[in-house]
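Heads up, the thing below is written out as structure tokens.
Every number in this text was worked out from the coordinates using simple rules, so none of it is lab data. None of these values were measured; they are calculated from a predicted model. Here the Cβ positions follow ideal geometry from the backbone for every residue, glycine too, while neighbour counts run over all protein chains shown.
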Amino acid sequence: DAGVIQSPRHEVTEMGQEVTLRCKPISGHDYLFWYRQTMMRGLELLIYFNNNVPIDDSGMPEDRFSAKMPNASFSTLKIQPSEPRDSAVYFCASSQVDEQFFGPGTRLTVL
Amino acid sequence: SQQGEEDPQALSIQEGENATMNCSYKTSINNLQWYRQNSGRGLVHLILIRSNEREKHSGRLRVTLDTSKKSSSLLITASRAADTASYFCATDADSGAGSYQLTFGKGTKLSVIP
């Protein structure tokens, strides 16, 4: 398996634009997690899915953030409209039980 | 607030020395995990220790868990320059729901000088 795949790896956009981050989990993993990592706040869980169903989205900072998982092999995290304070590295991770497997991350810069 | 807090925030040692990192947490847990992150990369799972275990080994890694003190330590023996990375502890809350949701600390940045 290729591991967790994220795209794009880097995204630079202007304030107010819509940003869509993509994730392909490891096949057979029932759980998918979206995290955000910044120097100030560390690694924060935004939302996670179990069998494509969102279970806990209490970490999503505001209504500008939304996440979907239309099938077992694909998830998106959308920010609309984006703001400079959204600049961070966004990680997707998947798991079957305890151990989580992380993707390489998407480095988002909002100007 | 973060469930896991690592200590120290940064650690610099010479190659060949041992490195010890500590983690404290606040609530009951099912298990505690340690992850490693190289600069610019995703986190990689190192080792998991369950709440009924006290010590676990994996290669040059040794993890201890003291549930009475709500703390864990990660020891890397005979460190190498390639061990330079940030190390995070992660805990899952003992909610009984089996959610597998983890809360990460802010990490210890380890530098191993050749």
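A few remarks follow.
- A full extension of the chain between B:Lys56 and B:Lys26 corresponds to an added length of 8.7 nm, given 0.36 nm per residue minus the alpha carbon distance.
- The convex hull defined by the C-alpha atoms of the range A:9-111 has an orientation-averaged projected area of 6.0 nm².
- For the range A:52-111, a simple Cβ point-charge model (Lys and Arg +1, Asp and Glu -1, everything else neutral) yields a dipole of about 280 debye relative to the Cα centre.
- Dipole magnitude of chain B, debye to nearest 20 (Cβ charges: Lys/Arg +1, Asp/Glu -1, about Cα centre): 120
- Kirkwood-type radius of the protein assembly as shown, with distances r between different C-alpha atoms, in Å: 18.1
- Rounded Å value of the spacing that divides the Cα centres of the range B:35-80 and the range A:17-90: 27
- Cα lying deepest toward the dipole's positive end in chain B, options B:Ala78, B:Asn18, B:Ser39, charges on Cβ: B:Ser39
- Relative to its Kirkwood radius, the Cα radius of gyration of chain B gives an Rg/Rh of 0.96.
- In chain A, taking the dipole from charged Cβ atoms about the Cα centre, the farthest positive-side position among A:Leu77, A:Ile47, A:Val110 is held by A:Val110.
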